[in-house]
1. Using θ = phi - 60° and the Karplus curve 6.51 cos²θ - 1.76 cosθ + 1.60, what whole-Hz ³J(HN,Hα) does each residue of the range 257-265 get, with Gly and Pro shown as x?
2. Which residues' amide hydrogens lie under 5 Å from the amide hydrogen of V386, considering only partners 5 or more residues apart or on another chain, with H built in the peptide plane?
3. What number do you get for the range 383-441 when its Cα radius of gyration is normalised by 2.2 N^0.38 Å, N = residues?
4. So what J values fall out for the range 231-238 if you push phi through Karplus, 6.51 cos²θ - 1.76 cosθ + 1.60 with θ = phi - 60°, rounded to Hz, Gly and Pro as x?
5. Using modelled backbone amide H atoms (1.01 Å from N, in-plane), which distant-in-sequence or interchain residues come within less than 5 Å of D163's amide H?
6. Can you show me the helix-derived [θ] at 222 nm for the chain, built from DSSP H runs with n ≥ 4 at -39,500 (n - 2.57) apiece and divided by the number of residues, rounded to the nearest 500.
7. Which number do you get for Rg(Cα) / (2.2 N^0.38 Å) in the chain?
8. Evaluate the distance, in nm, between pseudo-label points positioned 7 Å from the Cα of T390 and of V282 along their respective Cα→Cβ axes.
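The values are calculated or read from the model by the stated rules, or taken from the named source; none is laboratory data. Everything quoted here is computed from the prediction, not taken from an experiment. Using ideal geometry, Cβ is built from the backbone for each residue, glycine included, and neighbour counts are taken over all protein chains shown. Protein only, heavy atoms only, side chains kept; ligands, DNA and RNA dropped before computing areas. Shrake-Rupley method; radii C 1.70, N 1.55, O 1.52, S 1.80 Å.
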Amino acid sequence: MKQTEIVSANAPQKVGFVHLGCPKNLVDTENMLGLLHNAGHKVVGDESEADIMLVNTCSFIDKAQEESVRNLVHLAENGKKIIITGCLAQKFQDELLDLIPEAKALVGTGDMSKIVEVVDKVSRGERVISITQDPTYILEDDSKRLHITVGSYVYVKIAEGCDYRCSFCIIPSMRGDFRSRSLTSIVEDAKRYAEKGVSELILVGQDTTSYGKEFGASLPQLLRELNKVDGIQWIRFMYAYPNLVSDELLDTIAECEKLVKYLDCPLQHMHPEVLKRMRRPVMDHVAFVQRVRDRIPDVKVRTGLIVGFPGETEAHFDYLTESIQQVKFDRLGVFEYSDVEGAHSQGLDGKVSKKEIRRRRNKLMEIQQGISLKKNQALIGQALDVLVDTADPDKGTFEGRTQWDAPEIDNRVLGKGPAIPGEIVPVEIKSVTPYDLKGVAQF
Ligand code: SF4
């Protein structure tokens, strides 16, 4: 469904931006910039040039909140007109207006389509608060998006919000309940990106595995449709919810040639008692990962774990340690638990000290580093297909990823040889570290 043409009624403004948070928030930033650009405003990269600064904030955990506030205070001290958008605006509107009186506007996660109107009002000296409680908005037309990342891959948001209520998470209170985009609009996106020469689609949402449940569609169905789109070479989806990883989904990954053999499924913990307190599904994770590996040859499994959750005992942690040594995840992110205002877990007993949380995180990462190094060493001498993300023709070097690596969070391939961003080249792996592969392009 094409968006109506929005044209600014006012003198074009130079709009600068700060993007914070996850790939889902990045899609929002780029769509807001696209709407402003399309309406005649000038999007500028340099803060000093900007009449107005749009700050798309993150509020997932306290560190993210602090980073958002730091950016806002910096801009306020520089006398900038600030428009605060995103999760922090949605969650903390009252506090924010006190904290940043210089802010000219607050735009919630359900109100991003109004950004042109907001900029127009701010440019006329008005103060605007546009926040919908329990947002239900979902952007269907991605065609005006102004991309600020490299061109080899693109994040495509397929759904918004979440119906789960994990006890450590406040995302549903900022993003609303789960809702999917239409299958047609996503396939339209893919065709448009293929025409633009994008090689990889990365599907994102709080929980991609619930896709289409409102209208009888499903993630496997969407993936099979995207697999038909000419020009796209790789398709990846992130944030699978553990007990929604069906055999049909695994078979779809195995059978569709453009689907990378990669499953990102945050488990958050592995001990039943901790999972119950997290309000997360209790399951046999060893059997789960084995089922994934049995159904998809050569698959790499990524997960995320939280350490130091309230009530996590030494015994629970030992169980977690033994489990990751048994499962040997191919990719692992370990996060330190922290209280977040408004999360159920904030009120739980059995808090673990920051020092102990840090010790536990370091211990798991140390173990994983050994596991990752061994897995990477087994790749030496192999020629792997690498999607080139960036290249330096003068130095004859490039940086890219294998199908088993998502941008920014997984391994990189540091390559030698002529290569063009967006192309997939065979690279012979010569040496490795726990998180990087080094090799030479084969022609
Ligand atoms: S699945 Fe849980 S952790 Fe993920 S967004 Fe939903 S509530 Fe938060």
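1. After applying 6.51 cos²θ - 1.76 cosθ + 1.60, I find 4, 7, 6, 5, 7, 8, 10, 9, 9 Hz.
2. Long-range HN contacts for V386: V425, V427.
3. In units of the globular-protein estimate, the range 383-441 measures up at 0.97.
4. x, 6, 9, 10, 10, 10, 10, 10
5. F178
6. -10000 deg cm²/dmol
7. 1.00
8. Result: 4.6 nm between the two label points.
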